[in-house]
Amino acid sequence: MIISFDVGGIFVKYGLFDMDGTIIHQGKQPTEIETEDSFFIMIARIISRYEQEHTIKGLGFSFPGVIDSEKGVPIVSGAIKPLRGRPFVQLLRERTGNKYPIFIENDGNCAALAELYSGNGRELKDFVVLTLGTGIGGGIIHEQSLMKGGRYSAGEFGMMLIPDKLGKPVILAKYASTQGLLNLYRQRLGITSDTPVTGEEIFKGNTLVKKDVLKLWGEYIAMVVYNIIVSMNPEKVLIGGGVSQNPLLLSLIEKPLKKYPEWALFETPIVRCYHQNDAGLIGAFYLVQRNI
């Protein structure tokens, strides 16, 4: 059996897989990130529960940030701040008695691996996964292999720059992420940043303001997609993240793309990730299964 973890700033999803990739059990719990120690105690507790009834062959982690997967170190660790720059794999091995091989990879890269091995990228050589959440990330598959980049940060698509209204450079994630959608809506209504708003509410599109905000937000995502396509020439772009399940999303992206210069030349299929919210968890399983 393999234990897989998808670590987020709010929740940790975890699952027990057999060696063929069937999920035997899965669950989630709030992420304990106050200290390094509290995080590892949480992880060790989950491992211990599975150890009582199963023989474990390895552990895989889908993790936010920039990950040196060879050394097992989160160079940048997103909301998991206590583990930034720490030797994650070494520390966990010490806490688990060096019993298992342990692998860690960026969450967008894990999503790409899940789609490569058992998702909508199975028959492709080159594709890109774009994950939409509070930020924007993703993974790049080239010649059926994960492209990590020279400093392990390939696929940080949300860091692309566009000019704001004053011509100053801002990252696209400010507008094209799901957090960007909420902020655009608040700005249109003139309400404060702490006013509760949900994406589900906006996606109902039952007011002119909601429709306009969704249209603008779709244009920002389309810019990211267009830049990816003209730079990398993928066979497909796969959209992931919780919002990808909304049936309106793809049309919001595709409509502005049709108006972009030379789209007829660069036109590329855009589809949802097959694994959707489980992509990180499943990708972390493949980290282990393909390397032991």
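Can you give the FRET efficiency to the nearest 0.05 for residue 26 and residue 208, using r as the Cβ-Cβ distance and R₀ = 41 Å? Walk me through the numbers before you get to the answer.
Working: r = 41 Å, r/R0 = 1.01.
So, using R0 = 41 Å, E works out to roughly 0.50.
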key: Per-residue [θ]222 nm for the chain (sum of -39500 (n - 2.57) over DSSP H runs n ≥ 4, rounded to 500)   = -11000 deg cm²/dmol
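With a cut-off of at most 11 other beta carbons within 10 Å, and DSSP calling the residue loop, which GluC sites (Glu not before Pro) in the range 199-269 qualify? Please list them. Don't skip to the answer; put the middle values down first.
Working: sites: 200, 201, 219, 235, 254, 262, 267; in loops: 235, 262, 267.
The qualifying sites are 262.
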note = Output for the range 110-160: GluC sites (Glu not before Pro) sitting in coil per DSSP, at most 15 other Cβ within 10 Å, listed by number, reads 123, 143
task = Would you list, by chain and number, the aspartates and glutamates whose Cα falls below 20 Å from the Cα of residue 255, excluding same-chain residues fewer than 8 positions away?
result = 212, 219, 235, 267
message = Rounded to the nearest percent, how much of the accessible area of the range 1-60 (1.4 Å probe, protein heavy atoms only) is carbon and sulfur?
response = 52 percent
query = Could you list log10 I(q)/I(0) for the range 197-266 at q = 0.12, 0.23, 0.27 Å⁻¹, which the Debye formula gives when each Cα is one point scatterer?
reply = -0.35, -1.05, -1.30
ask   = Taking a 1.4 Å probe, which of 77, 69 shows the most accessible area, and what order do the others take after it?
value = 69, 77
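Answer rounded, prolate or oblate for the range 1-62, using the Cα gyration tensor with square roots of eigenvalues a ≥ b ≥ c: rounded when a/c is under 1.5, else prolate when a/b is larger than b/c, else oblate. Mind showing how you got there, number by number?
Details: a/c = 2.32, a/b = 1.67, b/c = 1.39.
Note, shape of the range 1-62 comes out prolate.
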ask   = Roughly how many percent of the accessible protein surface of the range 163-216 is carbon and sulfur, given a 1.4 Å probe and a whole-percent answer?
value = 58 percent
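Can you tell me the accessible area per residue over the chain, all protein chains present, probe 1.4 angstrom, in square angstrom?
On the way: 14120 Å² over 292 residues.
Each residue of the chain exposes 48 Å² on average to a 1.4 Å probe.
Over the range 100-159, what percent of the accessible surface lies on carbon and sulfur atoms, probe 1.4 Å?
Numbers: 1090 of 2320 Å².
Heavy-atom surface of the range 100-159 belonging to carbon and sulfur, 1.4 Å probe: 47 percent.
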Computed FRET value (nearest 0.05) for residue 215 with residue 56, which takes r as the C-beta separation and R₀ as 41 Å = 0.25
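Within the chain, what percent of beta bridges assigned by DSSP are antiparallel, to the nearest 5?
Numbers: 28 of 46 bridges.
Just about 60 percent of them are antiparallel.
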ask   = Just how large is the dipole of the chain about the Cα centre, in debye to the nearest 20, putting +1 at every Lys and Arg Cβ and -1 at every Asp and Glu Cβ?
value = 580 debye
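Tell me the relative contact order for the chain as a rounded percent, counting alpha carbon contacts under 8 Å between residues six or more apart. Write down the numbers at each step before the final one.
Numbers: 567 pairs, mean separation 57.6, N = 292.
Value for the chain: 20 percent.
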inquiry  = For a test of the definition: using alpha carbon positions, the gyration tensor, and the 1.5 limit on a/c, classify the range 119-261 as rounded, prolate or oblate.
reply    = prolate
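The values are calculated or read from the model by the stated rules, or taken from the named source; none is laboratory data. Nothing here was measured: the structure is a model prediction, and the numbers come from that model. With ideal geometry, Cβ positions are generated from the backbone for all residues, glycine too; neighbour counts draw on all protein chains shown. Surface areas here come from the heavy atoms of the whole protein model, side chains and all, with no ligands, DNA or RNA. Shrake-Rupley method; radii C 1.70, N 1.55, O 1.52, S 1.80 Å.
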